[in-house]
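Only one structure is covered here, and it is reproduced in the block below.
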Amino acid sequence: MPRRTGYAIGAPCWADCITPDLNGSREFYSALLGWEFVTESPGYQLAVLGGEVIGGFGAAPVGLPPLATWNVYLATKDAEYSCAQVGRLGGRVVMPPVPAGENGRLLLAVDPSGVTVGFWEGARAEGVVLADEPGAICGHELRVPSATRAEAFYGPMFGYRIGADGEFALDGVAHARVVESDQGRPCWLPLFGTADPADGVRRAVERGARLVRPGRGEPPVLRDPWGAEFGLVTATTP
């Protein structure tokens, strides 16, 4: 299994699911994607596949609506600068930079399209270690009402440009796909790899998920039993 050792500035580098039912969410994704879990800190666990870290799971704070969500984090070398840029470009900071132990610092914001987006300044940990394999993150979508508005935020922030077929690229390298849609919540959507997405959809639905977007020429999108959305794409073991 190849390990990720670094990420381009602005590239998606981490994802975590904040859920009102940590145990239930763990059981769902473990059965669907084969994940195991280790405790990182009280209320926060790391998802592990084949001994490598692929994401995180956190317990939703008491008092918030009982709705889970996947958060995607973009790599930054300066969390304070990114925090200031969010405001300058019309976004809103939800949580200013805070330390995540010795691993680095993170912040959460809402972009002008209403998308929650995280920023990760890695110190000891650059981000997800295992990717692009079955069970791991194999891509991302940015679902927004207006691709132009998204580019107006992420372009000045990191240099993103929208290319052919909605590819969201940095320096000519696609890191996500922009999907214009008024359906559902605007979001950064993680896409998880599986050998057979159709079978993955079937197994997810059997465990209480709901199919949000059928996979007709694009990855199927599901909503887990607590409301967090994710996609499935074909992936094979190297």
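The values are calculated or read from the model by the stated rules, or taken from the named source; none is laboratory data. Note that the structure is a prediction, hence the values are computed from the model and not measured. All Cβ positions, glycine included, derive from the backbone under ideal geometry; neighbour counts span all protein chains shown.
Considered as a group, the residues in the range 79-111 that are part of a loop (DSSP other than H, G, I, E, B) and over 20 Å from the mean Cα position of the chain (by Cα) include one that is nearest to Tyr7 (Cα to Cα), and that residue is Glu102. The residues in the range 101-143 that are out of contact with any Ser or Thr (no Cβ under 9 Å at 6 or more places or on another chain) and closer than 21 Å to Leu32 by Cβ can be counted, and the count is 9. Restricting attention to the range 25-43, report how many residues are touching a helix residue (DSSP H, G or I) at 6+ places or on another chain (Cβ under 9 Å) and either among the basic types (Lys, Arg) or modelled with pLDDT of 95 or more (or both). The qualifying residues number 7.
In the range 7-31, the residues that are at positive phi form Cβ pairs under 6 Å with partners that are crowded, with 16+ Cβ neighbours inside 10 Å, at six or more places apart or across chains, as follows: Gly10/Leu74; Gly10/Phe158; Gly10/Leu170. For the range 214-233, residues that are without any contact (Cβ under 8 Å) to a residue 40 or more places away in the chain and either of a type in the set (Ser, Thr, Tyr) or over 18 Å from Ile137 (Cβ atoms) (or both) total 3. Quick one: is Arg185 outside the structural domain of Asp16 (by TED's automatic domain parsing), touching a strand residue (DSSP E or B) at 6+ places or on another chain (Cβ under 8 Å), assigned to a loop (DSSP other than H, G, I, E, B) and among the basic types (Lys, Arg)? The answer is yes for Arg185. The one condition from (1) in the same structural domain as Leu22 (by TED's automatic domain parsing); (2) crowded, with 20+ Cβ neighbours inside 10 Å; (3) of a type outside the set (Phe, Trp, Tyr); (4) out of contact with any Leu (no Cβ under 7 Å at 6 or more places or on another chain) that Gly118 does not meet is (4).
Residue by residue, here is whether (1) touching a Lys or Arg at 6+ places or on another chain (Cβ under 9 Å); (2) more than 22 Å from Gly55 (Cα to Cα) holds:
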{"position": "Ala147", "(1), (2)": "no, yes"}
{"position": "Ala152", "(1), (2)": "no, yes"}
{"position": "Leu211", "(1), (2)": "yes, yes"}
{"position": "Thr237", "(1), (2)": "no, no"}
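Could you say whether any residue in the range 194-209 is assigned to a loop (DSSP other than H, G, I, E, B), outside the structural domain of Pro20 (by TED's automatic domain parsing), more than 18 Å from Ser30 (Cα to Cα) and not polar (S, T, N, Q)? No, every residue in the range 194-209 fails to be assigned to a loop (DSSP other than H, G, I, E, B), outside the structural domain of Pro20 (by TED's automatic domain parsing), more than 18 Å from Ser30 (Cα to Cα) and not polar (S, T, N, Q).
Failed condition for Thr39, given (1) over 15 Å from Val128 (Cβ atoms); (2) outside any strand (DSSP E or B); (3) not charged (D, E, K, R), with all others met? (2) is the only condition that Thr39 fails.
Taking Gly87 and the conditions (1) out of contact with any strand residue (DSSP E or B) (no Cβ under 6 Å at 6 or more places or on another chain); (2) surrounded by 19 or more Cβ atoms within 10 Å (Cβ to Cβ), which numbered condition does it fall short on, given that it satisfies the others? With respect to (1) out of contact with any strand residue (DSSP E or B) (no Cβ under 6 Å at 6 or more places or on another chain); (2) surrounded by 19 or more Cβ atoms within 10 Å (Cβ to Cβ), Gly87 is out only on (2).
Restricting the range 181-194 to residues that are modelled with pLDDT of 95 or more and either surrounded by fewer than 17 Cβ atoms within 10 Å (Cβ to Cβ) or under 12 Å from Leu142 (Cβ atoms) (or both) leaves a set whose member that is farthest from the chain's Cα centre (by Cα) is Pro186. The residues of the range 140-170 that are small (Gly, Ala, Ser) and at pLDDT 95 or above, listed by number, are Ser146, Ala147, Ala150, Ala152, Gly155, Gly159, Ala169. Cβ-Cβ distances below 6 Å connect the following pairs, each with a first residue in the range 65-79 that is at pLDDT below 95, a second residue that is small (Gly, Ala, Ser), and a separation of six or more residues or different chains: Leu67/Gly227.
Under the condition of being in a strand (DSSP E or B) and of a type in the set (Lys, Arg), which residue from the range 210-238 is modelled with the lowest pLDDT? Once the filter is applied, the top-ranked residue is Arg213.
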